[in-house]
Amino acid sequence: MFLPSGEKQFEFWKLRRNGLPNINIARSFNISRQAVSRALITMDKRIEEILLEMAQANQIKVESINAGRGVLFGRSVPFNVNAMIFVSAKHGVQVWYEHEGDCGSCSRYAQCIELLWDLADEMKIKLEKSDDPTKLADELFGKLRELV
């Protein structure tokens, strides 16, 4: 499961996810709009395959998927909790399980906060300030569900 982060197609995909229209992407790279559209169709298929492979590997039953946004919502079969798989330009493909944690005593606290804020920035989602990763994740994934 390889995320093609260095490829032009992935750059097009990130720009479109950020709201840039295909015509503007084409102008930026001095190529045709049709070339951008073909590249995005190919990248959407690859992103969908990556999300589905990750769901299968983590035993997540798929509920909804949006390759253009790079998100998959589902339910973990072994843990019996909601799960989300997402593509982050900075962090790669990530799986997040809905949970109530003791974030203040967790050694991964800083990484979780960074991951959630970075994803919100990538997705152009405004969040309330919070130092609790569980609350931050609930808000972020709730807003993402509305978009998907």
Check: Going through region 1-40 one residue at a time, which ones are in contact (Cβ under 8 Å) with a residue 60 or more places away in the chain and of a type in the set (S, T, N, Q)?
Finding: Ser5, Asn18
Item checked: Filter result for the condition that a residue is modelled with pLDDT under 95 and acidic (Asp, Glu), over Glu63, Glu49, Glu7 -> Glu7
Checklist line | Hey, Leu20 of a type in the set (A, V, I, L, M) and in a loop (DSSP other than H, G, I, E, B) or not | finding: yes
Check: So, of the residues in region 84-141 that are part of a loop (DSSP other than H, G, I, E, B), touching a strand residue (DSSP E or B) at 6+ places or on another chain (Cβ under 9 Å) and not aliphatic (A, V, I, L, M), which turns out to be surrounded by the most Cβ atoms within 10 Å (Cβ to Cβ)?
Finding: Glu98
Notebook entry, point to check: Here is a list of conditions, (1) loosely packed, with under 14 Cβ neighbours inside 10 Å; (2) more than 19 Å from Pro133 (Cβ to Cβ); (3) hydroxyl-bearing (Ser, Thr, Tyr), and Ser37 meets all of them except one; can you say which number that is?
Noted result: (1)
Next item on the list: Take region 106-148 and flag every residue that is among the basic types (Lys, Arg) and farther than 20 Å from Arg17 by Cα.
Entry: Arg108, Lys129, Lys135
Item checked: Restricting region 24-56 to residues that are small (Gly, Ala, Ser) and touching a helix residue (DSSP H, G or I) at 6+ places or on another chain (Cβ under 8 Å), the residue that is nearest to Tyr97 (Cα to Cα) -> Ala39
Notebook entry, point to check: Where residues in region 56-70 are under 19 Å from Glu11 (Cβ atoms) and small (Gly, Ala, Ser), which of them is surrounded by the fewest Cβ atoms within 10 Å (Cβ to Cβ)?
Noted result: Gly68
Next item on the list: Please give the number of the condition Met43 fails out of (1) of a type outside the set (Lys, Arg); (2) crowded, with 18+ Cβ neighbours inside 10 Å; (3) touching a residue at least 60 places away in the same chain (Cβ under 8 Å).
Entry: (3)
Next item on the list: Look through Ser28, Ser64 and report the one residue that is of a type in the set (Ser, Thr, Tyr), within 18 Å of the chain's Cα centre (by Cα) and not in a loop (DSSP other than H, G, I, E, B).
Entry: Ser64
Margin query: Exactly one condition in (1) surrounded by 14 or more Cβ atoms within 10 Å (Cβ to Cβ); (2) over 29 Å from Asp138 (Cβ atoms) is false for Ile23; which is it?
Written below: (1)
Note to self: I'd like to verify a number: residues in region 78-93 that are of a type in the set (A, V, I, L, M, F, W, C) and more than 9 Å from the chain's Cα centre (by Cα), how many?
What the structure shows: 3
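The values are calculated or read from the model by the stated rules, or taken from the named source; none is laboratory data. As the structure is a prediction and not an experimental result, all values here were calculated from the model. We place every Cβ from the backbone using ideal geometry, glycine too, and count neighbours over all the protein chains shown.
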